[in-house]
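Quick note: the coordinates plus some simple rules give every number you see, no bench work behind them. Keep in mind that this is a model prediction, so the values were computed, not measured. Glycine gets a Cβ as well: all are built from the backbone with ideal geometry, and neighbour counts include every protein chain shown.
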Amino acid sequence: MLKGIDNRLNAEVLGALRAMGHGDVVILSDTNFPSDSIARQTTLGRLLRMDNLTSAEAAAAILSVLPLDTFVDDFAGRMEIVDAPGEIPPVQAEVQDAIDAAEGRPRPMVGIERFAFYDMAKQAYAVIQTGERRFYGCFMFRKGVIPPQD
C-alpha cells in the first residue's frame, strides 16, 4: 500500500501509466471487448487488468494519477452505440462524471464509432480490462502533461 495512491491501482497499471508519454492512449475496456487479442497489438503488448471494478471505478482510479491531454479535443472518448451514436448509457455517464470530477469542470468525451474504436485500440499504448459487464463500457484516455512547478 502506498500513501496517496488509489488502492485500486495495481503495480502493472501504475507502471504502464507512468511509462506513457504525452499523447499516448490507454484503452479502458469492459469484459466483452476483445481485450487480450487487441492488447497484443499495442505498444505494451500485453493485457492489464483491473478486475472487479466498474468502468467508472477504474476510470476514477486512473484519472487520480493520469493527466488528460489539454491540447486536443479527443482527450477522452467513448465507444458509440451501434445505430444510436448520440445515446449515452449509464455506464458512459458514470465515466463522464469521473472525468468531470478529475478535471474539476465539465469536459465531454468524444464519441468513437465501434470499429474505429477497435482500430484506435490496436494503436494504443495499453489496454486495461475492467470487470464492467454493462455493454459499451469501453473508453479511451489520451495522456496529457504535468506542468512545471512555479
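The table below lists the values:
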item	result
Charge dipole of the chain about the Cα centre (unit charges at C-beta), most positive-ward option of VAL26, ALA58, LEU47	LEU47
For the chain, with +1 on Lys and Arg beta carbons and -1 on Asp and Glu, the positive-most of LEU2, LEU68, PRO148 along the dipole	LEU2
Two-site FRET efficiency, PHE71 against ALA101, from Cβ-Cβ distance with R₀ of 30 Å, rounded to 0.05	0.90
Of all DSSP beta bridges in segment 22-142, antiparallel share, percent nearest 5	45 percent
Note, ³J(HN,Hα) from phi for segment 76-82, Karplus 6.51, -1.76, 1.60, rounded to Hz, x at Gly and Pro	8, x, 10, 6, 6, 6, 4
Long-range amide H partners of VAL127 with built H, under 5 Å	ILE27, LEU48
Cut-off under 5 Å, modelled amide H: who pairs with ILE81 long-range	GLU87
Estimated [θ] at 222 nm from DSSP helical runs (n ≥ 4, -39500 (n - 2.57)) normalised by residues in the chain, nearest 500	-8500 deg cm²/dmol
Cα-based shape type of segment 15-66, given that a ≥ b ≥ c are square roots of the gyration tensor eigenvalues and the cut on a/c is 1.5	oblate
Sparse-neighbourhood loop sites, GluC sites (Glu not before Pro) in segment 55-90 - DSSP loop, at most 14 other Cβ within 10 angstrom	GLU87
Karplus 3J(HN,Hα) series, Hz, for segment 124-132 with 6.51 cos²θ - 1.76 cosθ + 1.60 (x for Gly, Pro)	6, 6, 7, 10, 10, 9, 9, x, 5
Charged-residue dipole, Cβ positions (Lys, Arg, Asp, Glu), segment 21-150 about Cα centre, Debye nearest 20	400 debye
Within a Gaussian network of the chain (alpha carbon springs, distance under 10 Å), most fluctuating of GLY137, GLY45, GLY15	GLY15
